Amino acid sequence: MVSVGVFAGLIVAVIVRCVSGTDGQTRALIDSKQRSVFQSGVVTILSKSHGDRNVYPSAGVLFVHVLEREYFKGEFPPYPKAGDSSSDPITFNTNLKGYPDRPGWLRYIQRTPHSDGVLYGSPTAAHIGKPTIIEITAYNKRTFETARHNLVINIMSTEEFPLPYQAEFFIKNMNVEEMLASEVLGDFLGAVKNVWQPERLNAINITSALDRGGRVPLPINDLKEGVYVMVGADVQFSSCLREVETPQNQLRCSQEMEPVISCDKKFRAQFHIDWCKISLVDITKVVPVHSNRPDPGTGVLPDIGEYNPPSESLKSRDYFADFLITLAVPSAVALVLFIILAYSMCCRREGVEKRNMQTPDIQLVHHSSIQKSTKELRSMSKNREISWPLSTLPVFHPVSGEVVPPIHPDSYETTSMPLMQTQTNLQNQIQIPQQQSSGKWYS
């Protein structure tokens with residue numbers, strides 16, 4: 001019976017919000033029927049876009065307006081291929097008339113150019129009685145043509161606004177466009193009503209988790225973005241909803257564990273609720289905060305008389321003091337430092353003669369003898385004869401068997417000589433010296 005009442009309430013809401021141009025008596029009759037049904041069902045406002053029209057959402061109640069691609073296709077030329085009319089990619093742009101964006105309470109979403117667009121939001125009491133004109137522009141990306149319609153939103157007041165008890169649920173396995181569907185939203189509100197048991201239950205607002213700072217999920221395992229759904233009722237929160245406030249469940253939430261909620265099975269079949277993120281607010285106990293804002297005034301500057309600009313003739317100024325500070329003083333300091341450095345480097349040198357005069361004679365004699373001995377040893381090492389190393393002695397050619405002259409680094413350029421001589425390049429041949437048994441060399 002509850003689901004029947006929810007479905008009846010949704011149908012009546014659609015009928016009422018789609019009526020435009022009806023007289024006041026007919027609208028009053030339908031509103032009275034709508035109010036009688038809503039007292040036993042769930043309230044939400046739905047409408048379909050069919051041209052320039054008026055809609056009448058209520059303050060504090062979720063408003064959903066669907067922009068159907070099928071309707072806007074009639075504004076564009078037909079698709080050339082028969083049966084493929086649904087292939088036209090159409091996107092929508094919505095803005096407040098005369099402004100580049102929508103009102104702050106109104107959001108818009110369209111997942112792909114081949115899906116319908118949805119306007120949704122929850123108007124507040126500040127917007128009551130102020131008609132809001134939304135310009136809807138449809139773009140056909142195949143023909144690059146556009147179609148524009150106006151949607152006039154007339155926000156009405158309700159007797160039960162605002163409902164005193166409000167609960168916000170975070171549903172993990174839903175995207176916002178999926179939750180905005182009338183069937184899905186009706187099922188969720190029906191489940192909440194079974195748990196809460198209120199007389200009046202309204203969907204107040206729906207917000208995507210991405211608008212709350214959530215991250216875009218990875219495209220694996222059919223992950224969803226998540227959606228926040230706020231509902232309001234006229235009775236106290238049920239004991240099931242209060243279970244999340246127990247110390248045991250608070251401890252489990254702090255440890256990133258799922259709390260134990262007795263009524264979770266009533267949602268689990270279709271909705272996966274993160275009970276650690278549920279928010280229960282009793283607005284009757286909320287202390288209003290009043291900020292003392294300054295008076296903005298009229299925006300007109302007071303009259304302080306005529307403006308007297310400075311005279312064009314400027315007074316002469318003496319720059320000698322500035323010159324002394326910026327150039328003369330640093331130059332004088334640099335000059336003093338240069339003189340001190342020059343005196344230390346040039347005038348304080350001892351010199352060789354002064355050093356020798358202060359050095360004892362015996363030390364000078366020792367130093368002179370060591371220096372002479374060093375020079376003599378170096379000159380002798382240049383003139384001494386040493387035996388040639390074995391690597392420089394003549395060797396046999398591995399092919400012809402003839403003697404190959406040694407390659408001495410003093411007379412040959414080793415970088416240009418080949419590692420192995422050929423038979424045709426054996427002009428400078430010498431005999432290998434042989435050694436007798438007595439130890440003498442002969443050739």
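The values are calculated or read from the model by the stated rules, or taken from the named source; none is laboratory data. Since the structure is predicted, the reported quantities are computational estimates derived from the model, not experimental observations. Note: ideal-geometry Cβ built from the backbone for every residue, glycine included; neighbour counts use all protein chains shown. To get the accessible areas, we keep the full protein, side chains included, count just its heavy atoms, and leave off ligands, DNA and RNA. Shrake-Rupley method; radii C 1.70, N 1.55, O 1.52, S 1.80 Å.
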List every residue pair whose Cβ atoms lie under 8 Å apart, where the two residues are 6 or more positions apart in sequence or sit on different chains, the first residue falls within region 218-239 and is among the β-branched types (Val, Ile, Thr), and the second residue, located anywhere, is surrounded by 22 or more Cβ atoms within 10 Å (Cβ to Cβ) and in a loop (DSSP other than H, G, I, E, B). Val227/Met174
Kindly provide the set of residues from region 138-162 that are part of a loop (DSSP other than H, G, I, E, B) and in contact with a Leu (Cβ under 8 Å, 6 or more places away or on another chain), ordered by number. none
Quick one: which residue in Arg215, Arg242 is out of contact with any helix residue (DSSP H, G or I) (no Cβ under 6 Å at 6 or more places or on another chain), more than 26 Å from Val66 (Cβ to Cβ), open to solvent by 30 Å² or more (accessible area, probe 1.4 Å) and in a helix (DSSP H, G or I)? Arg242
Members of region 109-118 found to be under 16 Å from Glu225 (Cβ atoms) and open to solvent by less than 50 Å² (accessible area, probe 1.4 Å), listed by number: Ile109, Gln110, Ser115, Val118
How many of the residues making up region 303-321 are part of a loop (DSSP other than H, G, I, E, B) and open to solvent by 100 Å² or more (accessible area, probe 1.4 Å)? 13
Any idea how many residues of region 119-169 are touching a residue at least 40 places away in the same chain (Cβ under 8 Å), hydrophobic (A, V, I, L, M, F, W, C) and open to solvent by 20 Å² or more (accessible area, probe 1.4 Å)? 5
Verdict on Tyr228 being touching an Asp or Glu at 6+ places or on another chain (Cβ under 8 Å), open to solvent by less than 70 Å² (accessible area, probe 1.4 Å), hydroxyl-bearing (Ser, Thr, Tyr) and more than 18 Å from Ile109 (Cα to Cα): no
What are the residues in region 271-286 that are open to solvent by less than 50 Å² (accessible area, probe 1.4 Å), modelled with pLDDT of 90 or more and within 14 Å of Met230 (Cα to Cα), if any? Ile273, Asp274, Trp275, Ile278, Ser279, Leu280
